[in-house]
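Comments concern the structure below.
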Amino acid sequence: MSQPQEKTAASAGEMTSESPVEATTAANAPSGPASARRSLLPGNTLLRHLVILAVCAVGAVALLELTSPFRNSQFAVLAYYAIAAGGLTVLTGLNGQISLGHGALMAVGAYTTALLLGAEEPLPLAVVFLAAVGITLLLGAVVGVAAARLHGPYLAGATLALAVGLPGLALYYDDVLGGEQGLRVQSPRAPEWFQGFIGFVSGNNATTTKWLAYVGVICLLLTFFLLANLARSRVGRTWRAVRDEEVAAELAGIDLGAWRVLAFVVSAACAGLAGAVLGVVIRLAAPSGFTIVLSIALLTAIVIGGLGSLLGALLGSALLVFLPPFVTNLGADLGLNNTEAAQLAPFIYGVVLIIVMIAAPAGFVGTIRLRWLQARGKRAARTAQG
Amino acid sequence: MTRSSRRLTRLLAAATVTSALAACGGGGDGGGGGGGGENEASDIGVTADTIRIGSHYPLTGVAAPGYSEIPTGAQCYFEFVNDAGGVYDRQIEFIYRDDAYNPTQTVQVVNELVLQDEIFAMMGGLGTPTHRAVLDFLNGEGVPDLFVASGSLLWDNPEEYPYTFGWQPDYEIEGKFIGNYIAENFPDARVGLFLQDDDFGEDGRAGLEGYIEDQIVAVETYVPGNTDVGPQIAALQAAGADLVVSFSVPSYTALGQLAALRLGYQPQWFYSNVGSDPTLVGSLLANFSEGAVSDASLLDGAITTEYIPTVDQTDNPWVQLWQRVWDECSTAEGELTNFRIYGMNQAYTTVQALQAAGQNPTRDGLVAAVEQAGGDFQGSWYAPFRYSADRHAGISGMQVSRITGNTSEELTPVLITDNGEDVDIEESDNEPTTPPEDGIPDVEPVE
């Protein structure tokens, strides 16, 4: 390796010197046919993803119908966290950009939804969601152009400014955006066909809570399906190339800036959809729901789950949603009073984060994949010897 | 999940309920309430011997100081009632959860309370932005939403939100009392307003303007979360305001005081009840100034409003009762504070509502009972509630007082009024009440 090459690596900062190798292991899933193992899944990527999508959809219906209404409401919350985390994990895990501004992008989606559903004759929900995605996408493009020129901590700083600044707009234009108290979202009621569907599947009550959980889960599955296809396509490979070795990527004729902007736009669109789902599930779009804490929670979710992995984003989001109430109830059962039990939840979450960082720096999915690769490597070595 | 397996589950559930009921009936019921008959599991959250109440409070985060003490007070009062046999021989289970004053989390914890914990009713959910986020849900599910711990006018809207009731005097009538006092006692004052930028500040301002619109020389607002209020205080000073009315929460009372101290600005301060707790503001002042200001002496001489007796009035029989409840409480830690007294008052009102709802209450029955009997509930509050079939507004009166050290001296008798500019302020002719001997209210069930 030549002298100048090492200098570039060092000047890019410690953050990038080693990270692509281990931290983003979860992002580097082998393409189906490339790994020469037998599988029941079809070799064609699109077909394989369609099969997985169908299986997940059936599983999701079963899960939602077998669990209580409260669990349904938690799955709705999980859905919007996971959609946003999925978008963020594509940005950070596949393309190596960091964003602390995704909470603000979600706010754009939520406010768009609130304004459109608050109209005299609201548009169909799907149209409203598409509009929310579209508007967030436009903002993402603008931010992405700036973000493409920045790296590591500078990019984090710029997107942090977005997270802090954007909710301020809601306060400044308080006659339209409702100020500190936010806008109420007129969540749509369950349509007729949905009640028929639930009646057919399980005979449970088709409540609004259930309908919103289905809306969230449908959006989640669609988003993950599209993201998974994208990650396995030429686009995903190009993003990875940009992430791992800028110079090599540029020599191969890749326009770094344009691909970075594209990654940011895709990620922002996911955040917009997540915000829209959040709006209808929470029934409120208020600045206090989109603080910097939300952006950081999303980041911790994808880091814990495994950078670059959609499954990891889902697992990390599940931890965000299910861990605090679980810890709180556990604390209450152990004889703590409610206040102490409530204070236990953030503490335990912090402890989990630290343990994961020490014991499994590649996150859940990344670590398992690493172990699996190591085991396969050893097996292969043994076979070669024997 | 097939239809037949579900039917089996239902059958089993039905069998369990029936046998449980039979067991209760067989065991016989010792106490028996006023109506005679047996205790039944008359609605969600009610069993023969328990009744489940839920609430949300900021137990962690920025709003936790002070407010997180409210449920500990309420909890202790419920324990006090339970130790004396409960309401109609039912033990009150009080479940409260943390929302960190974040509406997104409020939605989740209230979902959990209603769908998972299956509470019978809500009591004292705290905060305007937070509780607003769950108004539609609670009313959609038909859960009685009693005594919201906020003075917003939102809770008094029986047509749209038939299950929601306010409790404390709303910010608009508080503004009227303050405006009236200023017009009578400081007719030449140049008044500046320091308002929180939401319903709290806006409703208060609406009440003030009916009396002192021509005296107001400057209106400044702050947004919770932005801790720099220097510019606003400087603007009030520049406008020459010599009396500042502040509709602020305790932390912003402290921040405003510190900003004024830095600017050498010494107006007559007039604080709304919410932001005037001398003990809490004092500790916040010490905290924010990193020890440079050690107690609430900055608040000395400030004017405020009160509607329930406070912890410093140790010769008040109600405060003595709250002290007794606190001393006997098994979960009590630390001193009795005004926030704990607030929680006890809300719990006291809730016990009255449950009594009025009768031996086997339903959710709709509880709402009807508060509408019918709530106007006559007697407690430590200085003036009655404004509950009726058409109104769900809370306490109707306050008195103006001056803060001296950690106590306060009254400046006016108890005044009562109602919303709207055309309702005048009158002196209350209610006699001060005393608590019942055993410290537990005794309200007759409504028909």
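Quick look at the numbers
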item	result
Top-ranked residue of the range B:388-440 - restricted to ones that are small (Gly, Ala, Ser) and in a loop (DSSP other than H, G, I, E, B), ranked as farthest from B:ASP376 (Cα to Cα)	B:GLY405
Residue among B:GLY256, B:GLY301 that alone is assigned by TED's automatic domain parsing to the domain that holds B:PHE186 and not in a helix (DSSP H, G or I)	B:GLY301
Subset of the range A:308-330 [in contact (Cβ under 8 Å) with a residue 60 or more places away in the chain and hydroxyl-bearing (Ser, Thr, Tyr)]	A:SER309, A:SER317
Residues of the range B:101-137 that turn out to be in contact with a His (Cβ under 8 Å, 6 or more places away or on another chain), assigned to a helix (DSSP H, G or I) and of a type in the set (A, V, I, L, M, F, W, C), as a count	3
Matching option when the condition is in contact with a strand residue (DSSP E or B) (Cβ under 9 Å, 6 or more places away or on another chain) and in the same structural domain as B:GLU333 (by TED's automatic domain parsing), among B:LEU115, B:LEU138	B:LEU138
Conditions (1) assigned to a helix (DSSP H, G or I); (2) more than 14 Å from every other protein chain (Cβ to nearest Cβ); (3) touching a helix residue (DSSP H, G or I) at 6+ places or on another chain (Cβ under 9 Å): number failed by A:ALA380	(3)
Selection within the range B:109-135 - on the phi < 0 side of the Ramachandran plot and either among the β-branched types (Val, Ile, Thr) or more than 20 Å from the chain's Cα centre (by Cα) (or both)	B:VAL109, B:VAL110, B:ASN111, B:GLU112, B:VAL114, B:LEU115, B:GLN116, B:ASP117, B:ILE119, B:THR128, B:THR130, B:VAL134
Candidates B:SER276, B:SER246, B:SER272 - the one that is crowded, with 24+ Cβ neighbours inside 10 Å, of a type in the set (S, T, N, Q), closer than 22 Å to B:ILE173 by Cβ and at pLDDT below 90	B:SER276
Condition broken by B:GLN266, with the remaining ones in (1) more than 24 Å from the chain's Cα centre (by Cα); (2) not in a loop (DSSP other than H, G, I, E, B); (3) not charged (D, E, K, R) satisfied	(2)
Residue that is farthest from B:GLU444 (Cα to Cα), among those in the range B:80-94 that are away from every other protein chain (no Cβ under 14 Å) and among the charged types (D, E, K, R)	B:ASP83
Extreme residue, surrounded by the fewest Cβ atoms within 10 Å (Cβ to Cβ), among residues of the range B:118-150 that are over 19 Å from A:GLU180 (Cα atoms) and modelled with pLDDT under 90	B:GLY140
Candidate set from the range A:189-202 (those that are part of a helix (DSSP H, G or I) and in contact (Cβ under 8 Å) with a residue 12 or more places away in the chain); member that is farthest from A:VAL128 (Cα to Cα)	A:VAL201
Selected residue (criterion: farthest from the other protein chains (Cβ to nearest Cβ)) from residues of the range A:350-369 that are in a helix (DSSP H, G or I) and surrounded by 18 or more Cβ atoms within 10 Å (Cβ to Cβ)	A:ARG369
Residue among B:ALA332, B:ALA353, B:ALA357, B:ALA368 that alone is surrounded by fewer than 24 Cβ atoms within 10 Å (Cβ to Cβ), at pLDDT 90 or above and among the aliphatic types (A, V, I, L, M)	B:ALA368
Of all residues in the range A:148-188 being more than 10 Å from chain B (Cβ to nearest Cβ) and not in a helix (DSSP H, G or I), the one that is nearest to B:PHE200 (Cα to Cα)	A:LEU183
Answer from B:TYR77, B:TYR57 - the residue that is away from chain A (no Cβ under 13 Å), within 27 Å of B:VAL281 (Cβ to Cβ) and touching a Phe, Trp or Tyr at 6+ places or on another chain (Cβ under 7 Å)	B:TYR77
Some residue of the range B:141-155 being away from chain A (no Cβ under 11 Å), within 27 Å of A:VAL280 (Cβ to Cβ) and acidic (Asp, Glu)	yes
Residue match in the range A:133-142 (condition: closer than 20 Å to A:TRP239 by Cβ, within 14 Å of another protein chain (Cβ to nearest Cβ) and either crowded, with 22+ Cβ neighbours inside 10 Å or touching a His at 6+ places or on another chain (Cβ under 8 Å) (or both))	no
Criterion (within 14 Å of chain B (Cβ to nearest Cβ) and either at pLDDT below 90 or in a helix (DSSP H, G or I) (or both)) met by exactly one of A:ALA114, A:ALA85	A:ALA114
B:VAL281, sole failed condition from (1) β-branched (Val, Ile, Thr); (2) in contact with a Gly (Cβ under 6 Å, 6 or more places away or on another chain); (3) under 29 Å from B:GLY343 (Cβ atoms)	(2)
Meets criteria (assigned to a helix (DSSP H, G or I) and closer than 13 Å to B:TRP167 by Cα) for B:ALA353	yes
Helices (runs of 4 or more DSSP H) completely within the range A:244-339 that count 1 or more residues being within 11 Å of another protein chain (Cβ to nearest Cβ)	A:256-282, A:292-305, A:310-333
Filter result for B:ALA239 (surrounded by fewer than 21 Cβ atoms within 10 Å (Cβ to Cβ), out of contact with any Leu (no Cβ under 7 Å at 6 or more places or on another chain) and of a type outside the set (Lys, Arg))	yes
The range B:391-434, residues that are under 24 Å from B:LEU146 (Cα atoms) and either at pLDDT 90 or above or in contact with a strand residue (DSSP E or B) (Cβ under 8 Å, 6 or more places away or on another chain) (or both)	B:ARG391, B:HIS392, B:ALA393, B:GLY394, B:ILE395, B:SER396, B:GLY397, B:MET398, B:ILE416, B:THR417, B:ASP418, B:ASN419
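Results for (1) in a helix (DSSP H, G or I); (2) more than 28 Å from A:GLU340 (Cβ to Cβ); (3) free of Cβ contacts under 8 Å to residues at least 60 places away in the same chain; (4) within 14 Å of chain A (Cβ to nearest Cβ), shown as yes or no for each residue.
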| residue | (1), (2), (3), (4) |
| --- | --- |
| B:VAL274 | yes, no, no, no |
| B:ALA286 | yes, no, yes, no |
| B:PRO309 | no, yes, no, no |
| B:ASP327 | yes, no, yes, no |
| B:ALA332 | no, no, no, yes |
| B:PHE339 | yes, no, no, yes |
| B:TYR348 | yes, no, no, no |
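The values are calculated or read from the model by the stated rules, or taken from the named source; none is laboratory data. As the structure is a computational prediction, the values presented were derived from the model and not from experiment. Neighbour counts run over all protein chains shown; Cβ positions are idealised from the backbone, glycine included.
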